[in-house]
Amino acid sequence: MMVRCFLAQDLLNICFNSANMHRMDWDNLRFFLAVARKGSIRAASDALLVNHSTVSRRINAFETKLGVRLFERLTTGYALTPAGEEMVESAQRIEDEVVKLDRQVIGRDAQLNGVLRVTMPGPLVTHLLIHDLANFSKAYPGIQLELAISDEEFNLKKREADVAIRLTSSPPDYLIGRQIAKPAKGIYASKRYLEQHEPDRHAEQMQWLGWEDSVPYPQWVKESDFPSTPVFHQTDNVLVQLEAAKAGMGMAILPCFLGDPVSSLHRLAVTSSTTCGEIWILTHRDLRATARVRAFTHFMVEAFEHHRDLLEGRRNTSSPAAAHTK
């Protein structure tokens, strides 16, 4: 208990001086939490986007400043000492308060300039929105976009991103936003592949491109228009599936916004056996009044409206963003 009280008070003294926070000391605390969570210097450096030697140096300096050893250096990584374990709870509370303060300050920002960090899945950027993002940058030259391209759900509560465009059916309660579209999926194969295999007569001789399926006929195959076609090739990346279908390796279930613009592919059917979820554009409640968040959200809602027919499978024409995929 004495260790916990000592460390918690030290943290408060180190990170705050009256109402002003020491930036360097808060960074030390961020580095400590990253190593505690990741268990190694290298993994923490990847998460923090800095060199691993910087993380090691900052941890050593922080331990020296506190006069407490926070980690055991093991061959398998960094393990928290008892003092480090006691410190984590207090550090997390301070992190929550600092991030909350950061959100509230930025939430009052009425300037159309500064950094805006946006997270979304890669295919939405590369095959649908890249020209819209370019147009946004021209319309708002003072806003610097940082694009975090990932299928993972970044934590907007901790300001890992300011705006998220997500495929989901149930966004977290602490976020606000709107549902933009319900993207459709279709069954696609190259026109040459279909000429060689005659799906109406010999579907069992064709091949599905699967998603690390453990059985030849998973449920999504049984529910599709081609239940007798086995899964043969597999990948966990939708853009690789797209390229494999174009190369004639088999049939794939793809989002219509990926498959429809490609002239060498033929859509056999729109499928209900799988779902893309819903596209939502989201931000934290504390950031909803921020000028650059509002400008970006409004701009992208209009962009998605322009793409709605393509997203929902009602258009089979080429789009500028897909020109390079043909």
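The values are calculated or read from the model by the stated rules, or taken from the named source; none is laboratory data. Keep in mind that what you see is a predicted model, and the values were worked out from it rather than measured. All Cβ positions, glycine included, derive from the backbone under ideal geometry; neighbour counts span all protein chains shown.
Here are the numbers:
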| item | result |
| --- | --- |
| Residue in segment 65-82 that is free of Cβ contacts under 8 Å to residues at least 24 places away in the same chain, assigned to a helix (DSSP H, G or I) and surrounded by 15 or more Cβ atoms within 10 Å (Cβ to Cβ) present | no |
| Condition check for ALA289: touching a helix residue (DSSP H, G or I) at 6+ places or on another chain (Cβ under 6 Å), of a type in the set (Gly, Ala, Ser) and modelled with pLDDT of 90 or more | no |
| Any chance LEU74 is modelled with pLDDT of 80 or more and within 30 Å of ARG292 (Cβ to Cβ) | no |
| Evaluation of PHE62 against (1) modelled with pLDDT under 90; (2) touching a Ser or Thr at 6+ places or on another chain (Cβ under 9 Å) (one fails), failing number | (2) |
| Test for LEU112: is it under 21 Å from GLU160 (Cα atoms), surrounded by 14 or more Cβ atoms within 10 Å (Cβ to Cβ) and at pLDDT below 80 | yes |
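Residue-by-condition table, conditions (1) at pLDDT 90 or above; (2) among the aromatic types (Phe, Trp, Tyr); (3) touching a strand residue (DSSP E or B) at 6+ places or on another chain (Cβ under 6 Å); (4) closer than 27 Å to SER137 by Cβ:
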position: SER273; (1), (2), (3), (4): no, no, no, no
position: VAL301; (1), (2), (3), (4): yes, no, no, yes
position: HIS306; (1), (2), (3), (4): yes, no, no, yes
position: ARG315; (1), (2), (3), (4): no, no, no, yes
position: PRO320; (1), (2), (3), (4): no, no, no, yes
